[in-house]
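Okay, structure first, notes after.
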Amino acid sequence: MQNENVSVIIPVLNEEKYLPALISFLQKSIRTSDEIIIVDGGSTDRTKEICQSFGIQMIESNVCSRAKQMNTGAHQAKGDILYFLHADALPPKNFIDDITQAIESGFHIGGYPLQIGTRKSSLKSINSLMTRFNLLIFQGGGDQSMFIKKSIFHQLHGFDESFVIMEDFDFIRRCRKKKLKRAIMEQHIQVSDRKYQRNSYLKVQIANLLAYSAFSFGVSPVRIRSMYGSILK
């Protein structure tokens, strides 16, 4: 089990602000047998140039959709374990050990509780605390990152590409139906608070709650995305 390699898959779109720090961090944290896969959805900024400067080949997706981009990365992955990560997130330094040990302990899938931003905030701390509860509403978000055995990911046919939003919630829901054992890691993953900087705390919570409620009632992902985008900048 200890010889299993990890493929870190990062879907991106115009992430020149966050990519340099993330790639630098990952290159110092992963083993030589692991890999970083960046899948671009049509960036118009310096994303491609940044990847080249770090010696990382960027895969270009013909569709700008996280589900499609992550599936594309998974099909290219050589690792035994897939780790899906957002560009504006930084996992713990020892995340590779965390992931391989969790898989070795019998977990099929897992992710980290959130730490939102670098400045302390009581309201955002509540959000972080909620992500320690094993309920779908708190455990589906892609910000928490997700690791899974590649063989299981393909058995589940990957992300449903009809989900132009909420693809992570749909995938976790399918995992729960299959009774897959999910790990909630002890340490936190730090994610940017850019949504909160552009919008009020209340707006973000309303948008999240409405999106999840619509998802639960089977509203089409296209309609959910339109509704979500009409609330948040």
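With respect to Gly142, determine if the residue is out of contact with any His (no Cβ under 7 Å at 6 or more places or on another chain) and under 30 Å from Gly42 (Cβ atoms). Please lay out each step first, then the result.
Details: out of contact with any His (no Cβ under 7 Å at 6 or more places or on another chain): no; under 30 Å from Gly42 (Cβ atoms): yes.
It is false that Gly142 is out of contact with any His (no Cβ under 7 Å at 6 or more places or on another chain) and under 30 Å from Gly42 (Cβ atoms).
Taking Gln115 as the residue in question, decide whether it is modelled with pLDDT under 95 and either surrounded by 13 or more Cβ atoms within 10 Å (Cβ to Cβ) or assigned to a loop (DSSP other than H, G, I, E, B) (or both). Don't jump to the end; show me each part of the working.
Values: modelled with pLDDT under 95: yes; either surrounded by 13 or more Cβ atoms within 10 Å (Cβ to Cβ) or assigned to a loop (DSSP other than H, G, I, E, B) (or both): yes.
Judged against the criteria, Gln115 is a match.
What is the residue count in the range 163-183 for residues that are more than 19 Å from Ile10 (Cα to Cα), open to solvent by 30 Å² or more (accessible area, probe 1.4 Å) and in contact (Cβ under 8 Å) with a residue 60 or more places away in the chain?
Of all residues in the range 163-183, those more than 19 Å from Ile10 (Cα to Cα) come to 173-183.
Remaining after also requiring open to solvent by 30 Å² or more (accessible area, probe 1.4 Å): 173-174, 176-182.
Now narrow it down to the ones that are in contact (Cβ under 8 Å) with a residue 60 or more places away in the chain: 180-182.
Counting residues in the range 163-183 that are more than 19 Å from Ile10 (Cα to Cα), open to solvent by 30 Å² or more (accessible area, probe 1.4 Å) and in contact (Cβ under 8 Å) with a residue 60 or more places away in the chain gives 3.
Taking the stated definitions as given, is Ser128 touching a His at 6+ places or on another chain (Cβ under 8 Å) and farther than 22 Å from Pro20 by Cα? So that I can check it myself, show each step before the final result.
Values: touching a His at 6+ places or on another chain (Cβ under 8 Å): yes; farther than 22 Å from Pro20 by Cα: yes.
Yes, satisfied.
Among Glu16, Glu49, which is the only one that is in a loop (DSSP other than H, G, I, E, B) and farther than 27 Å from Ala183 by Cα?
On the way: Glu49 fails: in a loop (DSSP other than H, G, I, E, B).
On inspection, the qualifying residue turns out to be Glu16.
Note down all Cβ pairs under 7 Å where the first residue falls in the range 205-223 and is farther than 18 Å from Gln139 by Cα and part of a helix (DSSP H, G or I), the second is open to solvent by less than 40 Å² (accessible area, probe 1.4 Å) and among the hydrophobic types (A, V, I, L, M, F, W, C), and they're at least six residues apart or on different chains.
Listed by first residue and then by second, the contacts come to Pro221/Phe163; Pro221/Ile165; Pro221/Met166.
I need the full set of residues from the range 14-34 which are touching a helix residue (DSSP H, G or I) at 6+ places or on another chain (Cβ under 7 Å), open to solvent by less than 60 Å² (accessible area, probe 1.4 Å) and over 16 Å from Tyr83 (Cβ atoms), in order please.
Glu15, Leu19, Pro20
Within the range 155-175, can one find any residue that is out of contact with any Leu (no Cβ under 6 Å at 6 or more places or on another chain), among the small types (Gly, Ala, Ser) and outside any loop (DSSP other than H, G, I, E, B)?
No, that holds for no residue.
Would it be correct to say that Ala74 is open to solvent by 10 Å² or more (accessible area, probe 1.4 Å) and assigned to a helix (DSSP H, G or I)? So that I can check it myself, show each step before the final result.
On the way: open to solvent by 10 Å² or more (accessible area, probe 1.4 Å): no; assigned to a helix (DSSP H, G or I): yes.
Judged against the criteria, Ala74 is not a match.
Hey, among Ile37, Ile10, Ile56, which residue is over 17 Å from the mean Cα position of the chain (by Cα) and either touching a residue at least 24 places away in the same chain (Cβ under 8 Å) or open to solvent by less than 60 Å² (accessible area, probe 1.4 Å) (or both)?
On the way: Ile37 fails: over 17 Å from the mean Cα position of the chain (by Cα); Ile10 fails: over 17 Å from the mean Cα position of the chain (by Cα).
Checking each option against the conditions leaves just Ile56.
Which members of the range 19-46 meet the condition of being β-branched (Val, Ile, Thr) and assigned to a loop (DSSP other than H, G, I, E, B)?
Going residue by residue through the range 19-46, those that are β-branched (Val, Ile, Thr) are 23, 30, 32, 36-39, 44.
Residues satisfying the conditions are Ile30, Thr32, Thr44.
Being farther than 25 Å from Ile116 by Cα and of a type in the set (Ser, Thr, Tyr) narrows it down to one residue among Ser61, Ser65; which is it? Walk me through how you get there before you give the answer.
Values: Ser65 fails: farther than 25 Å from Ile116 by Cα.
Ser61 is the lone residue from the list that is farther than 25 Å from Ile116 by Cα and of a type in the set (Ser, Thr, Tyr).
In the range 195-226, what residues are closer than 14 Å to Phe163 by Cα and open to solvent by 50 Å² or more (accessible area, probe 1.4 Å)?
Quick first cut of the range 195-226, residues closer than 14 Å to Phe163 by Cα only: 211-212, 214-216, 218-226.
Within the range 195-226, Ser216, Gly218, Ser220, Val222, Arg223, Arg225, Ser226 meet the criteria.
Please specify each residue of the range 103-112 satisfying the condition of being in a helix (DSSP H, G or I) and either of a type in the set (Phe, Trp, Tyr) or buried (at least 21 other Cβ atoms within 10 Å of the Cβ) (or both).
Here is the first cut: in the range 103-112, the residues in a helix (DSSP H, G or I) are 103-104.
Within the range 103-112, just Ile103 meets the criteria.
The values are calculated or read from the model by the stated rules, or taken from the named source; none is laboratory data. Please read all numbers here as calculations on a predicted model, not as lab measurements. Every residue, glycine among them, receives a Cβ derived from its backbone with ideal geometry; neighbour counts consider all protein chains shown. Side chains are part of the model used for accessible areas, which takes the heavy atoms of the whole protein and leaves out ligands, DNA and RNA. Shrake-Rupley method; radii C 1.70, N 1.55, O 1.52, S 1.80 Å.
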